[in-house]
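A short write-up of the structure that comes next.
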Amino acid sequence: MSNELSHDGSISGPMPGMAQPAARSADGGTADGSSVEGGSAEEDPSQGSFTQGFVAASAEAIAAAEAAQPRRPDPRQRRLDPWLRISLIILTLIAAATAIRFAKALLLPIVLAVLLTLLLTPVVNQLDRLRLPRWLGALIVVASLISALVYAAGQLAAPSEQWLNPRAPQWSKLESRLRELKRPFERLQGAQKRVAGITDTPGQRAPREVVIERTSLMGLVTDTQVVLVGALSTIVLLYFLLASGDLFLRKLVRVLPSMTDRKTAVGIARTIQTEIGRYFATITMINLGLGVVTALVMGLIGMPSPWLWGALVAVLNFVPYVGPGASLVVLTAAAVVALDDWSQIAAVPLAFFTLTLIEGQLLQPALIGRRLRLNVVVTFLSVLIWGWLWGLGGVFVAVPMLVVLRICADHIDALSAAGEFVSSE
């Protein structure tokens, strides 16, 4: 078929090199006799295979591109660098220690009040069973505690001033005996100074500057005020905690959603409170008994003011390992000052060591059990750390707080790891 030129200059007719569709006949067929089914021409098999290959190649290319592209890590699966994690832990511990040391005047009375509450709650509960109002029972217990402390302080004030004051005349005897022991070392030191004087070049010696330190009256008043305010805060908070009873436990039960959680929380709280109260009561009775026996033994040996030494031993025995060691040193020094016979002097530390050995190895395991025995290293480190943070008060609360942690770890799964380190088993 030839191309025709239309009147406007355009070419009409089939273009060369292009396939033209066949003309349809009236019966639905084409001019060349082929038929059309479903309104479309029959597909070419080669064209279908080409389409499938193109789709497969495109899918492979997309998969390769996705594999080559770096994936963004899931924020929930991110892990900190180990050194960064250790640095964060160290910084957190330093910040916590600084805050605890700075807040000593606030936190120490609270800790003492809580520990005394755990010790005295069984007594208030017993008075509550006798139909006595709880506020009145708490008032009686706190007043009895204050009266006992005031009476003991009044009875031991004169012996304490006599024996625990380094400027007392009794300690001059100790100084003279220590001077006798130091005399050989002083001779050796004098010989060293003479040899050093021979080797020195003659010249004018520099004058010595003498500095006299005076105790500030305002500093003493401030320290006394801090102690009085802390003691008053401890007493008031102790009374409120004893009078409130199970108030915080009831509020915890109201907050928990299900009845099962409430029963579990009440059971754990009751068990922890009972075990802690029993432990503190037992330790207190053991220490008081040790103090009484020590006073009797010191009196038999011939030590003056035996009840002072018994009270000192009972108080210091609340600090394991460190307290008995300090008591041994003080008793030995007092024996050197007060006694003349060396056999009597040697009997004092020997008798106290025997009593401490019986108390620590036989009495405590029998009454408390080995389940609550603490790790020696952790206990000693705890005493050092809390003593550095809070001074003498921290020394006395270090071990009770470890015991509270140990008992709570037996019943709370989140504290099981800490309890494993604290335990001696």
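The values are calculated or read from the model by the stated rules, or taken from the named source; none is laboratory data. Values in this document were obtained by computation on a predicted structure and should not be read as measured data. Every residue, glycine among them, receives a Cβ derived from its backbone with ideal geometry; neighbour counts consider all protein chains shown. Only protein heavy atoms, including side chains, enter the accessible area calculation; ligands, DNA and RNA are left aside. Shrake-Rupley method; radii C 1.70, N 1.55, O 1.52, S 1.80 Å.
Size of the dipole of the range 289-425 about the Cα centre, Lys and Arg at +1 and Asp and Glu at -1 on the beta carbon, nothing else charged, in debye to 20?
The dipole of the range 289-425 has a size of about 120 debye.
In Å², and per residue, what accessible area does the range 283-347 have when probed at 1.4 Å with the other protein chains present?
It amounts to 42 Å² per residue over the range 283-347.
Using the 2.2 N^0.38 Å rule of thumb for compact globular proteins, work out how the range 82-122 stacks up: its C-alpha Rg over that value, please.
Ratio of Cα Rg to 2.2 N^0.38 Å: 1.74.
Once neighbouring chains are kept in place and the probe is 1.4 Å, which whole percent of the accessible area of the range 277-364 is contributed by carbon and sulfur?
78
Based on the mean of other Cβ atoms within 10 Å per residue, sort peptides 137-143, 344-350 so the most packed one is first.
137-143, 344-350
What are the chymotrypsin sites (Phe, Trp or Tyr not before Pro) within the range 304-354 that DSSP puts in a loop, where the Cβ has at most 13 other Cβ atoms within 10 Å?
Qualifying residues, ordered by number: Tyr321.
Evaluated at 10 °C with a viscosity of 1.306 mPa s, what Stokes-Einstein diffusion coefficient in µm²/s does the range 285-414 have when Rh comes from the Kirkwood expression over alpha-carbon pairs?
Translational D for this selection: 100 µm²/s.
Just to verify a number: what accessible area does Lys251 come out at with the full protein assembly present, 1.4 Å probe, Å² rounded to tens?
That residue has around 100 Å² of solvent-accessible surface.
Among the trypsin sites (Lys or Arg not before Pro) within the range 126-157, which fall in a DSSP loop and have no more than 13 other Cβ atoms within 10 Å of their own Cβ?
In loop regions of the range 126-157 (DSSP not H, G, I, E or B), the sparsely surrounded trypsin sites (Lys or Arg not before Pro) are Arg131.
Please identify which residues in the range 316-357 have an amide N closer than 18 Å to a label point set 7 Å out from the Cα of Leu288, following the Cα→Cβ vector.
316-319
Alpha carbon centre of the range 264-295 versus the range 357-424: separation in Å?
13
Report ³J(HN,Hα) in whole Hz for each residue of the range 130-140, in order, from the Karplus equation J = 6.51 cos²θ - 1.76 cosθ + 1.60 where θ = phi - 60°; Gly and Pro get x.
8, 6, 8, x, 5, 5, 6, x, 5, 5, 5
Please list, ordered by chain and number, the residues whose modelled amide H lies under 5 Å from the amide H of Ser423; skip anything fewer than 5 residues away on the same chain.
Sorted by chain and number, the residues that satisfy this are Asn375.
Residue-wise, which Karplus ³J(HN,Hα) couplings in Hz belong to the range 92-102, taking 6.51 cos²θ - 1.76 cosθ + 1.60, θ = phi - 60°, and x for glycine or proline?
Once rounded to whole Hz, the list reads 5, 5, 5, 5, 5, 4, 5, 5, 5, 5, 5.
Enumerate the calculated ³J(HN,Hα) couplings along the range 309-326 in order (Karplus 6.51 cos²θ - 1.76 cosθ + 1.60, θ = phi - 60°), each rounded to whole Hz, writing x wherever the residue is Gly or Pro.
Per-residue couplings from phi come out as 5, x, 5, 5, 5, 5, 6, 5, 6, 5, 9, x, 6, 6, x, x, x, 5 Hz.
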